[in-house]
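I have placed the structure first, in the form of structure tokens, so that the comments after it can refer back to it.
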Amino acid sequence: MKRFFLLASLACTLALNGCAWLPSFIWGNDKTFEPAISELKYKPYPFAVRQEITAIQKIHFEYFGQHVPEEQRKTNFYALFWANSKTLKLAVLSEMHQRLWDIQFNGETIHEERLAGLPDNLQAHLLLRDIAAALWPASHLQAQDKRFQVVDEQLVRQIVNKETNAPEVTITYLDGANQNRPWGTIEIVNHQERYRVSITSNQAR
């Protein structure tokens, strides 16, 4: 299913402040505002994939926490994403196209190869969580975590905390992308962890 195309995955990947794990890595600022950690624990199980996907992605990340210098709020990354019904593979690249991180997930275990300089607080399961949140069918997400309601309305997906009725994540599909079509741009806003990721994906040939 193209819907889970890759997007978040990479996007979030490095750039993404994905969960309080990124700000200190990118900015090295001890005074950086620490965002709340999201309770979401989704996984992008490969069995949901109905058609092989190979994508090249450009990822723009913006952190909107407090006490972060304006010039350090944004950064860009690239990624290569491949998936079928048995496995997902993700390669995260720097803006200079240096390979930083390789991740594979077969639905049971995560295998990763990391650049030595990557900090321990960059975790593959958090990256996979954001991939699932942005791209997996709502029914799969609901089955994984019943504490949250997944609401798809045309080109917007909201993941809402049932207890507080507050949105945890808002995902918007742009430039031709939608829940069934990955090609285009997907914007992910994590309200708890305070980051915005914009991922533009093109089909690799």
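Within segment 87-105, none of the residues are among the β-branched types (Val, Ile, Thr) and assigned to a helix (DSSP H, G or I). Limited to segment 85-100, what total is found for residues that are touching a strand residue (DSSP E or B) at 6+ places or on another chain (Cβ under 8 Å) and either free of Cβ contacts under 8 Å to residues at least 40 places away in the same chain or not β-branched (Val, Ile, Thr) (or both)? Selection size over segment 85-100: 10. Scanning for something more than 24 Å from Leu174 (Cβ to Cβ), free of Cβ contacts under 8 Å to residues at least 12 places away in the same chain and either open to solvent by 10 Å² or more (accessible area, probe 1.4 Å) or of a type outside the set (Gly, Ala, Ser) (or both), does segment 130-139 turn up at least one residue? Checked segment 130-139: no residue is more than 24 Å from Leu174 (Cβ to Cβ), free of Cβ contacts under 8 Å to residues at least 12 places away in the same chain and either open to solvent by 10 Å² or more (accessible area, probe 1.4 Å) or of a type outside the set (Gly, Ala, Ser) (or both). Residues in segment 110-129 that are in a helix (DSSP H, G or I) and open to solvent by 80 Å² or more (accessible area, probe 1.4 Å): His125 alone. If you go through segment 149-200 and keep only what is within 21 Å of Gln51 (Cα to Cα), touching a helix residue (DSSP H, G or I) at 6+ places or on another chain (Cβ under 6 Å) and crowded, with 23+ Cβ neighbours inside 10 Å, you end up with Pro182, Ile186, Ile199.
Yes/no matrix, rows are residues, columns are (1) over 21 Å from Tyr63 (Cβ atoms); (2) not polar (S, T, N, Q):
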residue	(1), (2)
Val150	yes, yes
Leu155	yes, yes
Val160	yes, yes
Arg181	yes, yes
Thr185	no, no
Asn202	yes, no
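The values are calculated or read from the model by the stated rules, or taken from the named source; none is laboratory data. Keep in mind it's a predicted model, so treat the numbers as computed, not measured. Cβ atoms come from the backbone with ideal geometry, glycine included; neighbour counts cover every protein chain shown. Note: areas computed on protein heavy atoms with side chains; ligands, DNA, RNA excluded. Shrake-Rupley method; radii C 1.70, N 1.55, O 1.52, S 1.80 Å.
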